[in-house]
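The values are calculated or read from the model by the stated rules, or taken from the named source; none is laboratory data. Model, not experiment: these values are computed from the prediction. Here the Cβ positions follow ideal geometry from the backbone for every residue, glycine too, while neighbour counts run over all protein chains shown.
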Amino acid sequence: MADDKKRSFREQFEALRNLPRFFRLIWKASPGMTLANALLRLLKSAVPLLVLYVGKEIIDTILLLIDGESTDTTYLWTMVGLEFALAIVSDLMNRGITLLDSLLGDLFANRTSVELIEHAARLDLYQFEQAEFYDKMERARRQTTGRTVLMSQVLTQMQDIVTVLFLAGGLIAFNAWLILILIVAVIPSFLGETHFNQRTYSLTRSWTPERRELDYLRYIGASDQMAKEVKIFNLSGFITRRFADLSDRYYHANRKIAIRRAAWGSGLSAIGTLSYYGAYVFIITQAVGGIITVGTLTFLAGSFERMRNRLQGIMNRFSRIAEGAMYLQDLFEFFEIEPTITSAPDSLPFPTAIQQGFVFEHVSFKYPNSEHWAIRNLSFQLRPGEKLALVGENGAGKTTLVKLLARLYEPTEGRILIDGVDLRAYSLTELRNNIGIIFQDYIRFQLKAGENIAIGNIGALEDSLAIEEAAQKSLADTVVDTLPERYDQILGKRFAKGVDLSGGQWQKIALARAYMRDAQLLILDEPTAALDARAEHEVFQRFSELIEGKAAVIISHRFSTVRMADRILFLEHGQLLELGSHEELIAKDGKYAELFHLQAQGYD
């Protein structure tokens, strides 16, 4: 236990190193507000001592007037007026500090959220496919709003420390032993709070995966997208029981710490209270013995009490600040994650017109922490203007291949060339601007119809003509014409007046995204899977006609559609099994021909 306590103290003190970086972020959010907040707090820290001193003068002057030692009340009313002014100024400063804290907190949360989104966009796709990364991202996301309280706590801590220094001056002038009594009074409580804050942080951090699962269970238990399955399969009981079991286990783990914290806190706080009243008795005896005046008694008693309360607050707040700083580490750790797929410093501009095409040279790929090869020793060429179809059973590596083409993944072995130059030599941004991909699991954004289409080339968000042209090419215009607000219609049911679409309608919207981008390579990864065979055939036929002269990769399980491609690449277990035109592969009478005839029988 002793080793754990030492380690927890060390960890909390080390976590304070995050605070300078934290305040640099706050300063960047608004230098003016940050400076104004600090100045207001500095001025406010002197108010308690001034109020106590003015109060002392008022009491001593009243006693002099009562005893007849003085008859002039001018000084008395001057002090009363000064105390009134201090009360008004103190209130105004408190309101100003509260306002600035609130505004700065909002600005910090907004700015940090923007930076988090921008940083996440820079990271590699494979990182998003790891549970450990998701835990880090979830912890970081919580800090964008949860840490705004930390800012107020640290500033209040600094303000209270200055106030204590002012008050300490008054106590030291009377009796320095009172300061020592105060320190002895607050240290036990401080040590207890520090220990239990560390325990709470460790519990919260270790339960990150379970808390993500709780959030997910909340989502699927009360979501418009999941409602059909929940009702049809009668899943509500299963979801409820699972949520209740998991949340109950977390509650009991947290309750155990909370009870121990309350019990130890009560005992340690009693020690502080006893020390305070011991000092208070000492001050009273000094006043009764005539050593100090009644005004000085109230000044010292008030100073001692306020110092005790502030020192107690400083000690306890230190634990909360250290705890907050440890949580803040989660945010900074996320920002420190760097992508491995980046543009080289001397990256080349992407060719304005591809001359030789894409070439895979002995490309192999395996996912991180996996021994299985998703792609193995794959070599082929995709010529400029060629339509290449990828065929293979689920898990054959088709989607992995197109992600390698777009440099969402890097080959584990081998290389991919464009016009004889390694893919990694080109500007990553320009590469992806020249490749348009519509995946099977495309996102149904709860945005306006026009915005949903413009996602294919978000830079053209304001180009209504380009959006309408893309909609016409994908036949999404027939969907838009049925919507009450046409391109301004919110799609989905998440927001008021939103309209949901059928699967086929959504697919036309998604396909329009492909036409938004003037890319040299277009990839359709089974985005029409929900359409019937005839509708899909018509979509791909139209697609082939509209992208004349551009290279395309088409993934489909329907051979009636695949046969329209110039060449067909058949993948099996991540390896190239067959490559050729439809006619050539049928004549070869291999695996492609076998599956083609098997599927054709299903339509007889």
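If you scan the range 418-437, which residues turn out to be part of a helix (DSSP H, G or I), more than 26 Å from the chain's Cα centre (by Cα) and of a type outside the set (K, R)?
L423, A425, E430, L431, N433
So, in the range 578-598, exactly how many residues are closer than 19 Å to S379 by Cβ and either assigned to a loop (DSSP other than H, G, I, E, B) or without any contact (Cβ under 8 Å) to a residue 60 or more places away in the chain (or both)?
Qualifying residue count, the range 578-598: 8.
Can you name the residue in the range 347-358 that is among the aliphatic types (A, V, I, L, M) and surrounded by fewer than 19 Cβ atoms within 10 Å (Cβ to Cβ) and, of all such residues, is farthest from R407 (Cα to Cα)?
Result: A353.
Only one of I375, I354 is out of contact with any helix residue (DSSP H, G or I) (no Cβ under 9 Å at 6 or more places or on another chain) and not in a helix (DSSP H, G or I); which?
I354
Could you check E469 against (1) under 19 Å from M516 (Cβ atoms); (2) buried (at least 20 other Cβ atoms within 10 Å of the Cβ) and say which number it fails?
The single condition E469 does not satisfy is (2).
Taking into account only those residues within the range 287-320 that are under 22 Å from Q159 (Cβ atoms) and hydroxyl-bearing (S, T, Y), which is surrounded by the fewest Cβ atoms within 10 Å (Cβ to Cβ)?
The qualifying residue surrounded by the fewest Cβ atoms within 10 Å (Cβ to Cβ) is S319.
Listed residues T98, T74, T61; which is among the hydroxyl-bearing types (S, T, Y), assigned by TED's automatic domain parsing to the domain that holds L328, crowded, with 17+ Cβ neighbours inside 10 Å and farther than 20 Å from L167 by Cα?
T61
Mind checking whether some residue in the range 299-317 is closer than 18 Å to V164 by Cα, among the hydrophobic types (A, V, I, L, M, F, W, C) and without any contact (Cβ under 8 Å) to a residue 24 or more places away in the chain?
Within the range 299-317, one or more residues are closer than 18 Å to V164 by Cα, among the hydrophobic types (A, V, I, L, M, F, W, C) and without any contact (Cβ under 8 Å) to a residue 24 or more places away in the chain.
Counting only residues that are modelled with pLDDT under 70 and not charged (D, E, K, R), how many does the range 513-545 have?
Going through the range 513-545 one residue at a time, the tally reaches 8.
If you go through the range 537-568, how many residues are in a loop (DSSP other than H, G, I, E, B) and either under 11 Å from K387 (Cα atoms) or not assigned by TED's automatic domain parsing to the domain that holds S581 (or both)?
Of the residues in the range 537-568, 8 are in a loop (DSSP other than H, G, I, E, B) and either under 11 Å from K387 (Cα atoms) or not assigned by TED's automatic domain parsing to the domain that holds S581 (or both).
Evaluate the range 111-129: report whether one residue or more is in the same structural domain as R24 (by TED's automatic domain parsing), modelled with pLDDT under 70 and not in a loop (DSSP other than H, G, I, E, B).
Looking for residues that are in the same structural domain as R24 (by TED's automatic domain parsing), modelled with pLDDT under 70 and not in a loop (DSSP other than H, G, I, E, B), one finds none in the range 111-129, hence no.
If you go through the range 421-437 one residue at a time, how many are over 19 Å from M516 (Cβ atoms) and in contact with a strand residue (DSSP E or B) (Cβ under 6 Å, 6 or more places away or on another chain)?
Of the residues in that region, 4 qualify.
Quick grid of which residues meet (1) crowded, with 22+ Cβ neighbours inside 10 Å; (2) touching a strand residue (DSSP E or B) at 6+ places or on another chain (Cβ under 7 Å); (3) free of Cβ contacts under 8 Å to residues at least 12 places away in the same chain; (4) under 24 Å from Q440 (Cα atoms):
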position	(1), (2), (3), (4)
G385	no, yes, no, yes
L401	yes, yes, no, yes
L404	yes, yes, no, yes
E410	no, no, no, yes
D419	no, no, no, no
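Go through the range 101-138 and give me each residue that's surrounded by 13 or more Cβ atoms within 10 Å (Cβ to Cβ) and of a type in the set (D, E).
Answer for the range 101-138, where residues must be surrounded by 13 or more Cβ atoms within 10 Å (Cβ to Cβ) and of a type in the set (D, E): D101, D106, E115, D124, D135, E138.
Please work out if R415 is out of contact with any Gly (no Cβ under 9 Å at 6 or more places or on another chain), of a type outside the set (A, V, I, L, M) and closer than 24 Å to S556 by Cα.
no
What is the number of the single condition among (1) buried (at least 16 other Cβ atoms within 10 Å of the Cβ); (2) closer than 22 Å to G436 by Cα; (3) over 33 Å from the mean Cα position of the chain (by Cα); (4) small (G, A, S) that G414 does not meet?
It is condition (2) that G414 fails.
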